Amino acid sequence: MQIDSGDTTWILVSSALVLMMTPALGFFYGGMVRKKNILSTLNLSFIIICLISVQWVLFGYSLSFGSDVGGLIGGLDFLGFSGVGPEPAKIAPTIPHMLFAAFQMMFAIITPALITGAFVERIRFKTFLVFSLLWATLIYDPVCHWVWGPGGILGADGLGALDFAGGTVVHITAGFSALAFALAIGPRKGFGNATFGPNNIPFTVLGAGLLWMGWFGFNGGSALAADGLAVNALVTTNTAAAAAGCVWMILSWLDNKPSVLGIVTGAVVGLVAVTPGAGFVSPLGALVIGALAAPISYYAIKYIKGRNLVDESLDVFACHGLGGLWGALATGLFATTAVNAGGVDGLFYGNPSQFFNQLGASFLVIVFSFGVTFVVAKVLDAVMGIRVSKNAEEAGLDISEHAERAYS
Amino acid sequence: MTKKIEAIIREEKLDDVKAALQEIGIVGMNVSEIRGHGRQGGISLAGRSGTYKVDLLPKIQINIVLSDHNVEKTIKTIRESALTGEQGDGVIFIYPVDEVIRVRTGERGKKALMYEGDIDSR
């Protein structure tokens, strides 16, 4: 097939939109920590852009999308982007191969950045850098290959699980890894007694707004073409976010007043939940997916925080882990070939087996992400320590890890 | 004799209190943003999910130094202008002041305290 300039343009724009989501995530998270840790939190997202961009070009892309090795990992044929050029990509025949690789790079970047919400305000920066590189290489790249890579065990060539834009690859991996890391690093000092109020909710609102916009590239771009499927993905994305924001507002209202922090969190949870199904479900399907995602995450946060079970600080597990899991399963319910002739029908359209494909794929990715992250975190803790000293934590990571102050 | 009035009031009452004090001729004051709580204890804020408690609330502290005989009038003015009737309206402390020195001129005592036309010079 020939390169299509319309498709190429849209994926170029989508790449930029998805890149923007990572600093946006920094603001989303940065607003919720204490004043003494805001720079540290912004930086955890920003440095990931630098770190993973390099990893992806050198070997990450090859491990994810290189020629298949046993269904588990990509080969080394694309090391350093060799052989990745302007010719049409096999996997996306109307855009340049290098554009496909660049678009995918943005997904590889934001996924480890999502995890940072689990360990903000206490993570040792040096160890974080090592962890993120290991995580991208040991978890993201393989799972990406399983689901989207040629010959992967979970995708079209394997189990047949549907994941349009990263419900399993991005949100389940990040969410369950966040839970594992939070358990490994332990709670922030004073957790359960002191109040960890957000320092700047306007930053969180700004971040959520930019995430929402960026998500049009995330899900819309995952059509890998500027076509009706991309439009469907954009509309389902917007609908799910809107529905989840409305429902979260109501839940928050029932408990107190309609919290702004809650409403924007709800919208993000809706975006997470619709990600795997964006190109397989109808707008009305997306509405139900978003509306039901809100109570799942809302009550998960309330339960976890209310009982001080684990200091999963910025609720990455509740929002991305559970939101992603619900989205992956819901795709097995609501998917319909009326929306995407290249997809499959879900349980509500007469194909119950797809639900179990989704369940199986999710289960494997959950166990793998949680297990490997926990082991890596524990090993790093033994080798170099994963958290800062008590004094450094009290002073805040801006001063103790970066010798900077956000405000003076 | 000279006294210092330290009034802790609601943030949102600052403009009313300032205007009322100007009305009775108080020219010099300084104001700081503080946090604290009294019997009110704190409030519950809406969080991401459910509520969380904040026990130190933002308050305004006004410091005024003036002559003894103006103290009661000033207290009355602050109370009237800062009142909502709800818990959290604040508290007023009065301290004796040993000496007042104006930095620019080196003047001391009553001279240093007064501004032309203010409550102490009337």
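The values are calculated or read from the model by the stated rules, or taken from the named source; none is laboratory data. Because the structure is predicted, anything quoted here is derived from the model rather than measured. All Cβ positions, glycine included, derive from the backbone under ideal geometry; neighbour counts span all protein chains shown.
Show me the helices (runs of 4 or more DSSP H) found entirely inside the range A:292-408 where at least 1 residues are within 30 Å of residue A:246 (Cα to Cα) and of a type in the set (A, V, I, L, M).
Values: elements: A:322-334, A:352-383, A:390-395, A:397-402.
Correct list: A:322-334, A:352-383.
Which one of A:65, A:28 is crowded, with 24+ Cβ neighbours inside 10 Å, touching a strand residue (DSSP E or B) at 6+ places or on another chain (Cβ under 9 Å) and modelled with pLDDT of 95 or more? Explain how you work it out, then say what you get.
On the way: A:28 fails: touching a strand residue (DSSP E or B) at 6+ places or on another chain (Cβ under 9 Å).
When all the criteria are applied, what remains is A:65.
Quick check on this structure: which one of A:306, A:342 is surrounded by fewer than 24 Cβ atoms within 10 Å (Cβ to Cβ), more than 14 Å from chain B (Cβ to nearest Cβ) and modelled with pLDDT under 95?
A:342
Within the range A:138-149, count every residue that is closer than 18 Å to residue A:386 by Cβ and either surrounded by fewer than 23 Cβ atoms within 10 Å (Cβ to Cβ) or among the polar types (S, T, N, Q) (or both).
First, pick out the residues of the range A:138-149 that are closer than 18 Å to residue A:386 by Cβ: A:138-139.
In the following step, the residues that additionally are either surrounded by fewer than 23 Cβ atoms within 10 Å (Cβ to Cβ) or among the polar types (S, T, N, Q) (or both) were identified as A:138.
Result for the range A:138-149: 1.
Within the group A:111, A:137, A:168, A:116, which residue is out of contact with any Ser or Thr (no Cβ under 8 Å at 6 or more places or on another chain) and either free of Cβ contacts under 8 Å to residues at least 24 places away in the same chain or assigned to a helix (DSSP H, G or I) (or both)? So that I can check it myself, show each step before the final result.
Numbers: A:111 fails: out of contact with any Ser or Thr (no Cβ under 8 Å at 6 or more places or on another chain); A:168 fails: out of contact with any Ser or Thr (no Cβ under 8 Å at 6 or more places or on another chain); A:116 fails: out of contact with any Ser or Thr (no Cβ under 8 Å at 6 or more places or on another chain).
Selected residue: A:137, the only one of A:111, A:137, A:168, A:116 that is out of contact with any Ser or Thr (no Cβ under 8 Å at 6 or more places or on another chain) and either free of Cβ contacts under 8 Å to residues at least 24 places away in the same chain or assigned to a helix (DSSP H, G or I) (or both).
Find the residue count for the range B:34-49, including only residues that are under 26 Å from residue A:300 (Cα atoms) and either surrounded by fewer than 14 Cβ atoms within 10 Å (Cβ to Cβ) or more than 9 Å from chain A (Cβ to nearest Cβ) (or both).
The qualifying residues number 2.
Restricting to the range A:48-60, name every residue that is out of contact with any Ser or Thr (no Cβ under 8 Å at 6 or more places or on another chain), surrounded by fewer than 24 Cβ atoms within 10 Å (Cβ to Cβ) and not small (Gly, Ala, Ser). Show your work before the answer.
The initial filter retains those residues of the range A:48-60 that are out of contact with any Ser or Thr (no Cβ under 8 Å at 6 or more places or on another chain), namely A:50, A:53-54, A:56-58.
Retained after the next criterion (residues that are surrounded by fewer than 24 Cβ atoms within 10 Å (Cβ to Cβ)): A:50, A:53-54, A:57-58.
Those that are out of contact with any Ser or Thr (no Cβ under 8 Å at 6 or more places or on another chain), surrounded by fewer than 24 Cβ atoms within 10 Å (Cβ to Cβ) and not small (Gly, Ala, Ser): A:50, A:54, A:57, A:58.
Let me confirm something: among B:7, B:20, which residue is more than 13 Å from chain A (Cβ to nearest Cβ), assigned to a strand (DSSP E or B) and within 16 Å of residue B:84 (Cβ to Cβ)? Full working, then the answer.
Numbers: B:20 fails: assigned to a strand (DSSP E or B).
Residue meeting the stated conditions: B:7.
Would you mind telling me which numbered condition in (1) in a loop (DSSP other than H, G, I, E, B); (2) in contact with a helix residue (DSSP H, G or I) (Cβ under 7 Å, 6 or more places away or on another chain); (3) of a type outside the set (Lys, Arg) residue A:106 fails?
Failed condition: (1).
Hey, among A:266, A:270, which residue is closer than 22 Å to residue A:32 by Cβ, assigned to a helix (DSSP H, G or I) and either of a type in the set (Asp, Glu) or more than 14 Å from chain B (Cβ to nearest Cβ) (or both)? Walk me through it before giving the result.
Values: A:266 fails: either of a type in the set (Asp, Glu) or more than 14 Å from chain B (Cβ to nearest Cβ) (or both).
Result: A:270 is the single residue among A:266, A:270 that is closer than 22 Å to residue A:32 by Cβ, assigned to a helix (DSSP H, G or I) and either of a type in the set (Asp, Glu) or more than 14 Å from chain B (Cβ to nearest Cβ) (or both).
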